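The values are calculated or read from the model by the stated rules, or taken from the named source; none is laboratory data. Computed from a predicted structure; not experimentally measured. Every residue, glycine as well, gets a Cβ built from its backbone with ideal geometry; the counts of neighbours run over all protein chains shown.
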Amino acid sequence: MPLSDREQHLLEQMEQALSAEDPKFASHMRGVGGLAQRRRYIVAAVGFLVGLGVVLVGVNLSNMWVGAIGFVVMVAAVVQAVAPPRKRKNQVPLGPVRPDGSVGTTHSRTRSKGRAPKARPSGTFMQRLEQRWDRRRGSGGW
């Protein structure tokens, strides 16, 4: 029996509150399920074996390019196995749930009254380095 809209909304609020209180636990619970992870490993293992087969064909044919393509396939399969899964596009942003039911962010956008925002340095990277060097030399060195 599917959940009603109100129940789904309450469940989402509970999930967001949990992630706001304990983000490490929430990220662990959001991890890829066992079946999906197993599927990733199987696809990567098959890709690795196909790449190995292409490398062996390249060696037998004395063709360096075929072997190189097989090696690239093997590396891509390993990267597929160890790379973290992509986030879903329709995932709700996490943060504390406000009393009105809206979701906030975990960081505050307001600054404390005692600190002024840093000014963005102007010029290119090399110009900023030269300015630093000139300031150091002008103040008597080290």
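Points worth noting:
- Consider region 59-80 and keep the residues that are within 19 Å of residue 41 (Cα to Cα) and not β-branched (Val, Ile, Thr). The one that is modelled with the lowest pLDDT is 80.
- Comparison of 94, 3, 56 shows that the only residue that is in a helix (DSSP H, G or I) and either at pLDDT 70 or above or hydrophobic (A, V, I, L, M, F, W, C) (or both) is 56.
- Filter result (of a type in the set (A, V, I, L, M) and out of contact with any helix residue (DSSP H, G or I) (no Cβ under 6 Å at 6 or more places or on another chain)) within region 39-49: 42, 43, 45, 46, 49
- Taking residues in region 20-39 that are of a type in the set (A, V, I, L, M) and surrounded by 12 or more Cβ atoms within 10 Å (Cβ to Cβ), and partners anywhere that are at pLDDT below 70 and not in a loop (DSSP other than H, G, I, E, B), the pairs with Cβ atoms closer than 8 Å and at least 6 places apart or on different chains are 20/97.
- Count - residues of region 6-27 that are in a loop (DSSP other than H, G, I, E, B) and touching a strand residue (DSSP E or B) at 6+ places or on another chain (Cβ under 6 Å): 0
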